[in-house]
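Working notes, beginning with the structure itself.
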Amino acid sequence: MFYRDFPIAYDEPLFRPPSEADSLILQVTFGCTWNKCSFCEMYTTKNFRVKKEEDVLKEIKAVAKIEPGIRKIFLADGNPMVLSTQKLLVILKAIKENFPKNRRVTTYALPRDISAKTHEELVELREAGLKMVYVGIESGDDEVLKLMNKGETYSSTVEGLLKAKAAGIKLSVIILEGVGGMNFTNQHAINSAKILNAIQPEFASVLVLSFPFGVNKYKERFLGEYIPMTIPDLLKEMEVFISHLQLDGTIFRSNHASNYLVLNGILGRDKQLFLEQLQFAIKNPEIAGLRAEWQRGL
Ligand code: SF4
């Protein structure tokens, strides 16, 4: 529904995961506390700050007056989990009171922000409505994580995500294909599969590294030598990644606009099917290439 005078003053740009397309987006923080990943331009125009609690509560009440039946809410921007548990609980309580039909609250999170909370705090947040966190793992390879300046390691990521999982908070994680370039493609693929195997997230997706400001800008920000990858290289990286996955029941998607080949299913059930689709695409790169050009509107 479109409202001419929607009562939320968004500070743009505003981002949300594709699966939150029909959710109310509540901005409770602005930007990202880290803001240094070499591939990420999401919040480079903003300095991190916390939205005043009274403003967030005012917006919740104002939206509830015109749309009380909202069922999904996403907390923005980049890492609202950095807020104290007490602050998050105030927001979650207001959501519960004002949107009685709401089924879930979700947010982006950094592993270190999750690790900074105790198990009891995470359980309290889940009970108050925080059902799932979206985490950009990007890579399971420590060397690649360092070169992209992620500020996390394999261990810190596993620690944070298993802690969320132990508290009953669902995980939706993202791996970034091509992020290490040709030099690191194998170790990136193998260790990204390894980290997912260790975490067993409920949802996982793969995006392909893109260059909104050109490949040279990325090369400058990448802390090593970045050698760009072709479409067949990226498909091969995906094949290595999928072949090393041992997941029990993860809903897996590579259906973002950046992906060259759409894979959509459940892993491990669909692993062999995905591998066959990848092998076909590798042998017929012109088909995958055509899709990529179509997606980019060329
Ligand atoms: S932590 Fe996330 S939002 Fe922040 S700079 Fe890195 S990728 Fe971007």
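The values are calculated or read from the model by the stated rules, or taken from the named source; none is laboratory data. Keep in mind it's a predicted model, so treat the numbers as computed, not measured. Cβ sites come from the backbone with ideal geometry, for glycine too, and all protein chains shown count toward neighbours.
Of the residues 164, 189, which is in the same structural domain as residue 261 (by TED's automatic domain parsing), assigned to a helix (DSSP H, G or I) and in contact with an Asp or Glu (Cβ under 6 Å, 6 or more places away or on another chain)?
189
Among the residues of segment 46-64, how many are out of contact with any strand residue (DSSP E or B) (no Cβ under 7 Å at 6 or more places or on another chain) and within 12 Å of the ligand (Cβ to nearest atom)?
Final tally of qualifying residues: 0.
Out of segment 118-149, which residues are in contact with a strand residue (DSSP E or B) (Cβ under 9 Å, 6 or more places away or on another chain), part of a loop (DSSP other than H, G, I, E, B) and closer than 20 Å to residue 238 by Cβ?
Within segment 118-149, 139, 140, 148 meet the criteria.
Of the conditions (1) of a type in the set (D, E, K, R); (2) at pLDDT below 95; (3) closer than 20 Å to residue 249 by Cα, residue 202 satisfies every one except a single condition; which number is it?
Looking at each condition in turn, residue 202 falls short on (2).
Quick one: in segment 66-88, which of the residues that are modelled with pLDDT of 95 or more and in a helix (DSSP H, G or I) is nearest to residue 45 (Cα to Cα)?
80
Only residues that are charged (D, E, K, R) and either over 21 Å from residue 96 (Cβ atoms) or in a loop (DSSP other than H, G, I, E, B) (or both): list them for segment 14-35, please.
16, 22
For residue 282, state whether it is surrounded by 13 or more Cβ atoms within 10 Å (Cβ to Cβ), of a type in the set (Val, Ile, Thr) and at pLDDT 90 or above.
no
Being crowded, with 18+ Cβ neighbours inside 10 Å and part of a helix (DSSP H, G or I) is the filter here, so list the residues in segment 222-232 that pass it. Quick ask: steps written out before the conclusion?
Kept after step one, since they are crowded, with 18+ Cβ neighbours inside 10 Å, are these residues of segment 222-232: 222, 226, 229, 231.
Within segment 222-232, 231 is the sole residue that qualifies.
For the list (1) in a helix (DSSP H, G or I); (2) within 29 Å of residue 129 (Cβ to Cβ), I need the number of the one condition that residue 183 fails.
Only one criterion in (1) in a helix (DSSP H, G or I); (2) within 29 Å of residue 129 (Cβ to Cβ) is unmet by residue 183, namely (2).
Going through segment 178-210 one residue at a time, which ones are of a type in the set (S, T, N, Q) and either closer than 13 Å to residue 238 by Cα or crowded, with 22+ Cβ neighbours inside 10 Å (or both)?
Taking segment 178-210 and keeping what is of a type in the set (S, T, N, Q), we get 183, 185-187, 191-192, 197, 200, 205, 210.
If the condition is that a residue be of a type in the set (S, T, N, Q) and either closer than 13 Å to residue 238 by Cα or crowded, with 22+ Cβ neighbours inside 10 Å (or both), then 185, 186, 187, 191, 192, 205 are the ones that fit.
Table: residues versus (1) within 12 Å of the ligand (Cβ to nearest atom); (2) out of contact with any strand residue (DSSP E or B) (no Cβ under 9 Å at 6 or more places or on another chain); (3) not charged (D, E, K, R).
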{"site": "7", "(1), (2), (3)": "no, yes, yes"}
{"site": "20", "(1), (2), (3)": "no, no, no"}
{"site": "35", "(1), (2), (3)": "yes, yes, yes"}
{"site": "40", "(1), (2), (3)": "yes, no, yes"}
{"site": "66", "(1), (2), (3)": "no, yes, yes"}
{"site": "108", "(1), (2), (3)": "yes, no, yes"}
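For residue 145, indicate whether it is buried (at least 24 other Cβ atoms within 10 Å of the Cβ) and away from the ligand (no atom under 16 Å from the Cβ).
no
Testing residue 76 on (1) aliphatic (A, V, I, L, M); (2) within 16 Å of the ligand (Cβ to nearest atom); (3) touching a helix residue (DSSP H, G or I) at 6+ places or on another chain (Cβ under 9 Å), one condition comes back false. Which one is that?
So residue 76 meets the others, but not (3).
Results for (1) surrounded by 18 or more Cβ atoms within 10 Å (Cβ to Cβ); (2) under 23 Å from residue 184 (Cα atoms); (3) under 20 Å from the mean Cα position of the chain (by Cα); (4) in the same structural domain as residue 16 (by TED's automatic domain parsing), shown as yes or no for each residue.
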{"site": "237", "(1), (2), (3), (4)": "yes, yes, yes, no"}
{"site": "241", "(1), (2), (3), (4)": "yes, yes, yes, no"}
{"site": "251", "(1), (2), (3), (4)": "no, no, yes, no"}
{"site": "255", "(1), (2), (3), (4)": "no, no, yes, no"}
{"site": "261", "(1), (2), (3), (4)": "yes, yes, yes, no"}
{"site": "266", "(1), (2), (3), (4)": "no, no, yes, no"}
{"site": "272", "(1), (2), (3), (4)": "no, no, no, no"}
{"site": "278", "(1), (2), (3), (4)": "yes, yes, no, no"}
